[in-house]
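The values are calculated or read from the model by the stated rules, or taken from the named source; none is laboratory data. Nothing here was measured: the structure is a model prediction, and the numbers come from that model. Every residue, glycine as well, gets a Cβ built from its backbone with ideal geometry; the counts of neighbours run over all protein chains shown. Protein only, heavy atoms only, side chains kept; ligands, DNA and RNA dropped before computing areas. Shrake-Rupley method; radii C 1.70, N 1.55, O 1.52, S 1.80 Å.
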Amino acid sequence: MRSGTGLVPSVFVSSAVTMLWIAWAVTLVADTRHLERAGRSSMISGGGGYYASVGLAFAQMDDDTHEEFVTVETTAGFPRETVATISTWANGTRKIEWQGEPSILVSSMLVGNIDDDDLDELVLFGEWNYTGKNTLNVIQWNGSSYRTTGSDRLSARLGALGDVDADGREEFVFVHVPNPAAEAEGTEPAMLQVAEYRDGRFERTHDYDVGHGVMAIAVGDLDGDGRAEIATSEEANRGVRGQIAIYTVDPDLGIRRLFARDGFLKERVTYLAIFASGGADYLLVEQGRQRWKSAFRLVDSQDSGFELIRVEADRVRVFADGLRSTMAYSSERGAYVRFLDQETIEFIPE
């Protein structure tokens, strides 16, 4: 994914842009959507109350010919539980093939081919049983079943995947918290760590001390130079709120910051993504309880350095592509996928 900077401190989507977004979304689903029963609570825990998705993806996880459905679901009550599952889904029926431990509170997930085989892997970031201790687990197919491998070298709250050093292979970018505290809500000082996954192990290549909390992360080539940048939203208990920052990785010099602006956003970011539209990459920012969405481009003004510019031209197309980037994609169905409620999944054809 990619990142950028902004010329204005407030990035609330204007009412006109909001209406364009809503109009496009209505057009997208009208008369084309297909609904299926997800079989969520009943199939996972016998009606145990799992109700919302932390993550959702379709991927080639094992060596059969069909894609798997990967999701992390969470309970509504306290103490909160999460459960990650890998399932098959055929003829409207979901069959769970692997299920994670509910003692790990999963905060986010990544799905992608992180090693040298032809299959995808699942990476889970989370917290161990309300202790504040971050966890990092990789779930991969070993030829006959799924194997879970925990990292004894790295722990992370969040992560993203991208080619940040332009070597043709994707690296991990982790948000590591050296001194986590369960009550800090992500505002404790964090580090960015770049790592490769080779031969079943993570090997760190670069570190950067952010100095405050990282609430969301995305990786992508925002400036079009062929090397992915790192975008973060950052918070601290004192002095930093609503900050968006962009970082780049130099193989020799390490991680350096291209852009940062405190107060760039008025509300806490709930989601960051970098997506492609019309041959360029954009940063999608979602913030606040209303989940207002804005899209930005990263521009190098040379005289004043990098700036994040809010999208004005081609807004309908850009925001349509941005909305698609928030959904899972099923190649077998040729459709984008999202949950509507506890039991219903929606397939939206391309």
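So if R0 is 30 Å, what FRET efficiency would ASP303 and GLU267 give, r being the distance between their Cβ atoms, rounded to the nearest 0.05? Could the numbers behind the result be given before it?
On the way: r = 31 Å, r/R0 = 1.03.
Step by step, r from the Cβ atoms, then E = 0.45.
The separation of region 132-147 from region 284-350, counted between C-alpha centres, amounts to 29 Å. Backbone amide hydrogens, once placed in the peptide plane, bring MET215 within less than 5 Å of SER233, GLU234, GLU235, excluding anything fewer than 5 places away on its chain. Peptide packing for 61-68, 154-161, 143-150 was compared via the average number of neighbouring C-beta atoms within 10 Å per residue; ordered from the highest value, the list is 154-161, 61-68, 143-150. Distance between the modelled labels on ILE96 and GLU350, one decimal in nanometres: 3.2 nm (7 Å Cα→Cβ projection).
By the rule of a C-alpha distance below 15 Å, with chain neighbours fewer than 8 residues away ignored, the aspartates and glutamates paired with LYS293 are GLU267, GLU312, ASP321.
Once you order the gyration tensor axes a ≥ b ≥ c over the Cα atoms, which shape class does region 110-170 get: rounded for a/c under 1.5, otherwise prolate or oblate by comparing a/b with b/c?
Values: a/c = 2.65, a/b = 1.25, b/c = 2.12.
Note, shape of region 110-170 comes out oblate.
Please give the contour-minus-distance gain from LYS133 to PHE78: 0.36 nm per residue of separation, less the Cα-Cα distance, rounded to one decimal in nm. List each step's numbers first, then the result.
Numbers: separation 55, 0.36 × 55 = 19.80 nm, distance 1.88 nm.
Computed gain between LYS133 and PHE78 is 17.9 nm.
Normalised by the number of residues in region 211-292, the average gap of Cα pairs under 8 Å and 6 or more apart makes the relative contact order 26 percent.
Counting charges near MET327 (Lys, Arg +1; Asp, Glu -1) among other residues having Cβ under 10 Å from its Cβ returns a value of +1. Potential lengthening of the chain between ASP64 and ASP209 amounts to 48.0 nm, from the contour at 0.36 nm per residue minus the alpha-carbon distance.
With an 8 Å cut-off on Cα pairs and a minimum separation of 6 or more residues, tell me the relative contact order of region 253-350 in percent. Numbers along the way, then the final one.
Working: 127 pairs, mean separation 15.9, N = 98.
For region 253-350, the relative contact order is 16 percent.
Rolling a 1.4 Å probe across the protein heavy atoms gives region 174-236 an accessible surface of 37 Å² per residue.
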